[in-house]
1. Could you work out what % of the accessible surface of the protein assembly as shown is carbon and sulfur, using a 1.4 angstrom probe and leaving DNA, RNA and ligands out of the count?
2. Please find the FRET efficiency linking residue B:199 to residue A:306, where r is the Cβ-Cβ separation and R0 is fixed at 35 Å, and quote it to the nearest 0.05.
3. Determine the percent antiparallel among the DSSP beta bridges restricted to the protein assembly as shown, to the nearest 5.
4. State the Cα centre-to-centre distance between the range A:184-254 and the range A:58-82 in whole Å.
5. Over the protein assembly as shown, with the other protein chains present, what is the accessible area per residue in square angstrom, probe 1.4 angstrom?
6. Given a Förster radius of 35 Å and the C-beta distance between residue A:10 and residue A:173 as r, what FRET efficiency does 1/(1 + (r/R0)^6) yield to the nearest 0.05?
7. Non-local amide H neighbours of residue B:84 (under 5 Å, H modeled in plane, Pro and chain starts lacking H): which ones?
8. Name the most mobile residue of A:270, A:129, A:246, meaning the one with the largest mean-square fluctuation, in a Gaussian network model of chain A with Cα contacts below 10 Å.
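The values are calculated or read from the model by the stated rules, or taken from the named source; none is laboratory data. Everything numeric in this text was worked out from a predicted model, so none of it was measured. Cβ coordinates were reconstructed from backbone atoms using ideal geometry, including for glycine residues, and neighbour counts include every protein chain displayed. Calculation scope for accessible area: heavy atoms of the full protein, side chains included, ligands and nucleic acids excluded. Shrake-Rupley method; radii C 1.70, N 1.55, O 1.52, S 1.80 Å.
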Amino acid sequence: MNKKLLIAALALVAALIAPVYVYPVLLMTILCFAIFASSFNLLLGYAGLLSFGHAMFFGTSAYITGWLLKSSPISLELALLGGMLVSTVMAALVGLLAIRRAGIQFAMITLAFSQFVYFVLLQAHFTGGENGMQGIPRNALFGLIDVKDSFHFYYVVLGVSALALFLFYRIVNSPFGEILRAIKDKEPRVESLGMKPEQFKYLAFILSASLAGLAGALKATVFQFATLTDASWPISGEVILMTLLGGLGTLSGPMFGAAIVVILNDELAGLGEWALIAQGVILLVVIVFFRRGFVGEIAALMAKWKKPAAKSEVQATA
Amino acid sequence: MSEVAAPARAPTAASSADNILVAENISRRFGAFLAVNDVSLAVRRGSIHALIGPNGAGKTTCFNLLTKALPLSSGRISFNGKDISALRSADVARLGLVRSFQISATFPNLTLLENVRVALQATYGKAFHFWRSIAAVKDLNARAGELLDQVGLAGSRDLLASELSYGKKRALEIATTLALEPDLLLLDEPTAGMGHEDIEPITRLIRKVAEGRTVLLVEHNLSVVSTLCDRVTVLQHGQIIADGSYEAVSRDPLVRTAYMGEEDA
């Protein structure tokens, strides 16, 4: 327990001094995608639902937040909440149609909706179409605190991310989260115990979309622009990559996955098209050799060290 | 809980009060195949009732119809006098009709305690509380522990269900089912795939949990049926061919023909 506290304290110190040494925008990008990947992880890792269209929540929210900030003197946190709210409502509608389907059907329905949303965003006037939305201002936080400077803004993003990730942690470790894990394990059994699995999956879908929306809203304020890329299917694919790379269904795995992918994209940016190929190769290696993902494999190794010999037989059957 | 039916009542009133579950002319069709054909069945309150029959007789389909896991093609089912024909299984579970599964239906990646707690959560009213810590349902741990104790698993509450042996998984499943305090327990082949050493304890366990409730089970093992059950219904080709005590049914010529060669299995 104390070890955990120590790790948390170290992480906190590292997070606080990081922008002194690392470009703040890169750090903020990592945080945004850590939230996004966690939102995806909530859905796939804990509820067993594979969404192929998570970019619709990310992208829409980015545009809504950007539009709110550009067109009104609204304070920053309200703009973020506004974007989040729209993606939440969107999920409530999409979920009505998608949630009764499972597996590949669910994935295809979410993809279809996501393409539809992409098209709407392309055609809508307020988004700026193919040019995207530029020059999104970072309005004052609570209407008081100036956060225009990226160095200062980093701490806002850090605080919001900490809240979001705590919310994710809370959901996963709540009474509701327990039922979700049971549904992922054996849905018909949950039904036979008198609960309606689709209601739980519906709520999980909405919660996941809110978090994805928050990630998109933050991203719009970090980069100060929103583009169609944010709502495009490669973003939906990238979040899957992050989650699998880090470790599906592990608490922190997808966050690490997000960091790895963001840093890789940054490092490989000079290679142009080759960056995608490198990403593909990495994903292939992970899927073939490290099925549990980065954090999943480390956790498995630690578990092996902790209970050697005696328990190893049990592990083999598990 | 389950009221003991008064022995002397007018026949019409008695039929609804004495029988916890009544199926009238239920059928289920899969395309052209009539898996269950016009079956009528009454399960007497407080009894242990078995549904038997040779392979492919439609037992499992019939079972799935009774638990509402499959919709009816035609017919009517009532439970405790209430028409449940149009309900789904989550609804009938809440009314007190809870089933187990032929393929062990535990949650493999949850601990034993969590397995039972999930079932307890069904009626606890906090299942949608995503903003609260799991400590919000801590109160349920004691009851979950009792239920595990009842089936002899109290010592392994923090193991993952996937780490249990087959027989113990069935016991865990029964504990999970009991968490809903069902009036009627439906067990789908509780001893299927079990070795001799597991059959005896599970039979004892079923007898124990049957106290104060009604049990309907589908079972292959006739020796289990003969020692456990008050009443036996025999299905063949989706239809009932006999109904009565084990002794009466086993003397029935139709049943003997249906089971020819399987009698001593």
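1. Values: 16670 of 26500 Å².
Carbon-and-sulfur percentage of accessible area, whole number: 63.
2. Numbers: r = 37 Å, r/R0 = 1.05.
According to the calculation, E is roughly 0.45.
3. Details: 23 of 39 bridges.
Percentage antiparallel, nearest 5: 60.
4. 21 Å
5. Values: 26500 Å² over 583 residues.
Solvent-accessible surface per residue comes out at 45 Å².
6. Values: r = 22 Å, r/R0 = 0.63.
Here the calculated transfer efficiency is 0.95.
7. For residue B:84, the qualifying residues are B:77, B:78, B:79.
8. Sorting by GNM fluctuation, first place goes to A:270.
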